[in-house]
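Engineer: Handing you a structure now.
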Amino acid sequence: MAEHLTRLELDEWLSGLDASGRVERHVAACPACGMIAERMRQARASSLAQPRAKAVLARLEEKRARSASPWWSWGVPLVTALAVGLAMVVYVPRGAEDGVRLKGTVALRLLSVQGTPVQDAKPGEQVTLAVGTGPYRNVLVLAVDEAGAVDPLWPRDGQTSGTVEPGAEVRLSPALEVTPGSVALHAFFSDAPLDVAQAREALTARVAEARGKGQGPLEVATPDAIGKAQARTLLRVVP
């Protein structure tokens, strides 16, 4: 497998700017880049759905419709490129922050000893948590097992989240040993420390709600009221 794609390359592909098809072929053959691309797709859709982004794109479309000059021959990729930029910012209401802030893509996955992404593992194997932190420094990862129990996975001790250096893939230590039973992992990201008990209570309540709807604990969505951003992944433990 060739070197992994950059987020800029993935952004361009998601915006329809990969005329060669190279990125699409790589994503189809590379599970790691495919996972990142899907998370970026979801983040872009969320950002572009915001009222401010819709208003900007509407004005661009209005100008395009009024224009009869030849610039529209290059205007389509221009508008698409601007959409890429809009998808990378999140507009914050006045009173919280004035202006805009860059929005990074948060991610959560498990890596094998060799550094490859893991979705299926056997008891006794070693795996490492890896997060894409976006602009955030505080991370908390909780685990939900098949019985619905919610426990802190990283950091293992303490009452608040752990602090990490920002990065596209930050490996959290120590490594973890896989035990019997599949688990859903939920990561919470924030600028400020997160309270473990509060996050655990919110996720436990979400598990109870899911059961009332006939869903299993591993299907529970990550509570979006904890932290500034969230990510989720599933580890299937096989015999």
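Engineer: Fully extended, how many nm does the chain gain between GLU177 and ALA45 (0.36 nm per residue separation, minus their Cα-Cα distance)? Walk me through the numbers before you get to the answer.
Structural biologist: Numbers: separation 132, 0.36 × 132 = 47.52 nm, distance 3.55 nm.
Full-extension gain reported as 44.0 nm.
Engineer: Please report how far the C-alpha centroid of the stretch 112-127 lies from that of the stretch 180-209, rounded to the nearest whole angstrom.
Structural biologist: Using only Cα atoms, the two centres lie 22 Å from each other.
Engineer: From the Cα gyration tensor of the stretch 127-239, with a ≥ b ≥ c the square roots of its eigenvalues, which class applies: rounded if a/c is under 1.5, or else prolate if a/b is larger than b/c, or else oblate?
Structural biologist: Details: a/c = 1.88, a/b = 1.28, b/c = 1.46.
Here the stretch 127-239 falls in the oblate category.
Engineer: Once fully extended, how much extra length lies between ALA208 and VAL170, figured as 0.36 nm per residue of separation less the alpha-carbon to alpha-carbon distance?
Structural biologist: That works out to 10.5 nm of additional length.
Engineer: Still on this structure: Determine the order of ARG25, ARG206 by accessible area, beginning with the largest, at a probe radius of 1.4 Å.
Structural biologist: Details: ARG25 145, ARG206 70 Å².
The ordering from most to least exposed comes out as ARG25, ARG206.
Engineer: Would you please give the FRET efficiency between SER20 and THR116, computed as 1/(1 + (r/R0)^6) with r the Cβ-Cβ distance and R0 = 30 Å, to the nearest 0.05? Walk me through the numbers before you get to the answer.
Structural biologist: Numbers: r = 26 Å, r/R0 = 0.88.
Approximately 0.70, to the nearest 0.05.
Engineer: Here's another thing I want to ask about it. Treat each spin label as a single point 7 Å out from the Cα along the C-beta direction, and report the GLU219 to ARG200 distance in nm.
Structural biologist: 2.7 nm
Engineer: If you count only protein heavy atoms with a 1.4 Å probe, what accessible area per residue comes out for the stretch 97-239, rounded to a whole Å²? Don't jump to the answer; show the numbers that get you there.
Structural biologist: Working: 7130 Å² over 143 residues.
Ligands and nucleic acids excluded, the result is 50 Å² per residue.
Engineer: With every protein chain left in place, what is the accessible area of HIS4 in Å² (1.4 Å probe, nearest 10)?
Structural biologist: 100 Å²
The values are calculated or read from the model by the stated rules, or taken from the named source; none is laboratory data. Please read these numbers as outputs of a predicted model, since none were measured by experiment. Every residue, glycine as well, gets a Cβ built from its backbone with ideal geometry; the counts of neighbours run over all protein chains shown. Note: areas computed on protein heavy atoms with side chains; ligands, DNA, RNA excluded. Shrake-Rupley method; radii C 1.70, N 1.55, O 1.52, S 1.80 Å.
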